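> Mind having a look at this structure? Questions to follow.
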Amino acid sequence: MAAHGSKLVIFAALTGNAAIAVTKFGAAAYTGSAAMLSEAVHSLVDTGNQGLLLFGMRRAKRPATENHPFGHGLELYFWAFVVAVLIFGLGAGVSILEGLEKIRSPHPVEAPWVNYLVLGFAILFEGSVWFIALRAFRSAKGKRGWIQAVRLSKDPTIFTVLFEDTAALAGLFVALAGLILSQWLDMPALDGMASVVIGLILAGTAVFLAYECQSLLTGESVAPETKAALREVALRQHGVERINEFLTMHFGPDDVLVAMSLDFRDRLTAGEVEAAVTSIERQIKALRPEVTRVFVEAQSFDAHRRNLEESAAVAET
């Protein structure tokens with residue numbers, strides 16, 4: 001997913017959530033609905049989250065420095081992780097606490113038609129933003145399954161917004177059901193129960209996003225099919241006997257490091273090895289433009305194996 005595509009999704013979500021949050025807070029203050037207040041907090045947190053994602057995207061684009069020789073791409077993953085923490089701590093926490101308070105001290109919702117009107121408009125708008133995020137994610141996932149696409153995605157901005165909006169839509173329907181049932185059954189506590197359910201939905205979403213973001217933050221390899229294609233480039237190169245080791249790591253959605261140890265034929269001259277290394281680097285970058293750095297080590301298979309054994313022995317001591 002290109003950066004401009006990610007920004008389009010985030011800007012759409014930010015604009016919508018900001019407007020919806022103001023409306024929900026007004027409705028919650030007017031009607032006294034705990035579920036509506038939870039939804040207002042949810043929208044406010046989502047608005048801040050989209051701001052943090054945009055901030056992370058800008059920080060990630062900063063050029064490499066002496067202290068950060070590989071650039072700042074990992075900052076995008078860090079701020080996406082912060083977003084997940086905020087969803088859990090603020091969104092889920094406030095919703096559950098507010099719901100429990102309403103259950104302990106139930107009181108009828110005043111002017112429920114206001115909540116119905118606000119929730120109806122919120123569902124329409126959140127549905128529109130959700131569709132934009134879904135379309136962007138579907139374009140990025142290709143032929144992969146949905147869960148596999150999330151697990152292999154290296155751009156957290158797309159799936160974070162998609163899951164946020166999915167949780168938002170689910171929360172809106174829960175809030176609507178809670179209001180209807182509390183009024184129909186004359187049980188105000190159901191409004192508080194709806195708020196607790198909304199909090200649990202947010203908590204589940206936050207845990208899933210945090211898990212995916214920490215995996216990216218601690219260093220993920222490229223997708224298996226990409227790695228296989230890059231290995232094939234090295235193996236096709238004239239003079240390469242075998243690959244001793246092949247490592248890749250994402251520093252950002254479009255910033256990949258490739259490091260490999262290759263065993264070259266013994267009869268090759270130093271100049272021929274240098275030419276082979278240059279050719280491999282050019283072919284890899286032409287095949288996968290997201291690869292920004294390629295490091296090739298020329299080493300015999302036996303020497304590489306001895307180094308691994310010595311490293312393993314040192315690690316055990």
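> Which members of segment 223-238 meet the condition of being surrounded by 14 or more Cβ atoms within 10 Å (Cβ to Cβ), more than 14 Å from residue 296 (Cα to Cα) and without any contact (Cβ under 8 Å) to a residue 60 or more places away in the chain?
227, 229
> Another question, if that's okay. If residue 229 meets every condition in (1) out of contact with any strand residue (DSSP E or B) (no Cβ under 9 Å at 6 or more places or on another chain); (2) at pLDDT below 90; (3) not assigned by TED's automatic domain parsing to the domain that holds residue 100 apart from one, which number is that one?
Exception for residue 229: condition (2).
> If you don't mind, there's one more thing I want to ask. I need every pair where a residue in segment 62-80 that is over 16 Å from residue 212 (Cα atoms) has its Cβ under 7 Å from the Cβ of a residue that is aliphatic (A, V, I, L, M), sequence separation at least 6 or different chains.
That search, which allows pairs on different chains as well, returns 70/64; 70/257; 71/64; 72/60; 73/60.
> Tell me which of these residue 192 doesn't satisfy, since it passes every other one: (1) within 21 Å of residue 250 (Cα to Cα); (2) buried (at least 16 other Cβ atoms within 10 Å of the Cβ); (3) in contact with a Gly (Cβ under 8 Å, 6 or more places away or on another chain).
For residue 192, the failing item is (1).
> Scan segment 269-299 for residues that are farther than 17 Å from residue 252 by Cα, within 37 Å of the chain's Cα centre (by Cα) and assigned to a helix (DSSP H, G or I) and jot them down.
Within segment 269-299, the subset farther than 17 Å from residue 252 by Cα is 269-284, 286-287, 295-299.
Filter again for within 37 Å of the chain's Cα centre (by Cα), leaving 277-284, 286-287, 295-298.
Hits for segment 269-299 are 277, 278, 279, 280, 281, 282, 283, 284, 286, 287.
> Does residue 256 fit the bill of being assigned to a strand (DSSP E or B), in contact with a strand residue (DSSP E or B) (Cβ under 6 Å, 6 or more places away or on another chain) and hydrophobic (A, V, I, L, M, F, W, C)?
Yes; evaluated as a whole, the condition is true for this residue.
> So which of 282, 293 is closer than 29 Å to residue 59 by Cα and touching a strand residue (DSSP E or B) at 6+ places or on another chain (Cβ under 7 Å)?
Step by step, each of 282, 293 is checked, and only 293 is closer than 29 Å to residue 59 by Cα and touching a strand residue (DSSP E or B) at 6+ places or on another chain (Cβ under 7 Å).
> Scan segment 267-304 for residues that are touching a residue at least 12 places away in the same chain (Cβ under 8 Å) and of a type outside the set (Val, Ile, Thr) and report the count.
Filtering segment 267-304 for residues touching a residue at least 12 places away in the same chain (Cβ under 8 Å) gives 268, 272-273, 276-277, 279-281, 283-284, 287-301, 304.
The next check asks that each one be of a type outside the set (Val, Ile, Thr); those that pass are 268, 272, 276, 279, 281, 283, 287-290, 293, 295, 297-301, 304.
Summing the residues that are touching a residue at least 12 places away in the same chain (Cβ under 8 Å) and of a type outside the set (Val, Ile, Thr) in segment 267-304 gives 18.
> Here are some conditions: (1) more than 17 Å from the chain's Cα centre (by Cα); (2) farther than 30 Å from residue 30 by Cα. Residue 151 meets all but one. Which one does it not meet?
Here residue 151 clears every test but (1).
> Could you list, in sequence order, the residues of segment 168-196 that are among the aliphatic types (A, V, I, L, M), in contact with a helix residue (DSSP H, G or I) (Cβ under 6 Å, 6 or more places away or on another chain), within 21 Å of residue 122 (Cα to Cα) and touching a residue at least 40 places away in the same chain (Cβ under 8 Å)?
168, 169, 172, 174, 175, 176, 179, 194, 196
> Which condition number in (1) of a type in the set (Gly, Ala, Ser); (2) within 26 Å of the chain's Cα centre (by Cα); (3) at positive phi is the one that residue 127 fails?
With respect to (1) of a type in the set (Gly, Ala, Ser); (2) within 26 Å of the chain's Cα centre (by Cα); (3) at positive phi, residue 127 is out only on (3).
> Go through segment 86-102 residue by residue and tally those that are of a type in the set (A, V, I, L, M, F, W, C) and more than 17 Å from residue 168 (Cβ to Cβ).
2
The values are calculated or read from the model by the stated rules, or taken from the named source; none is laboratory data. The structure presented is a predicted model; accordingly, all values stated were derived computationally and were not measured. Methodologically, a virtual Cβ is constructed for each residue, glycine included, from the backbone with ideal geometry; neighbour enumeration extends over all protein chains shown.
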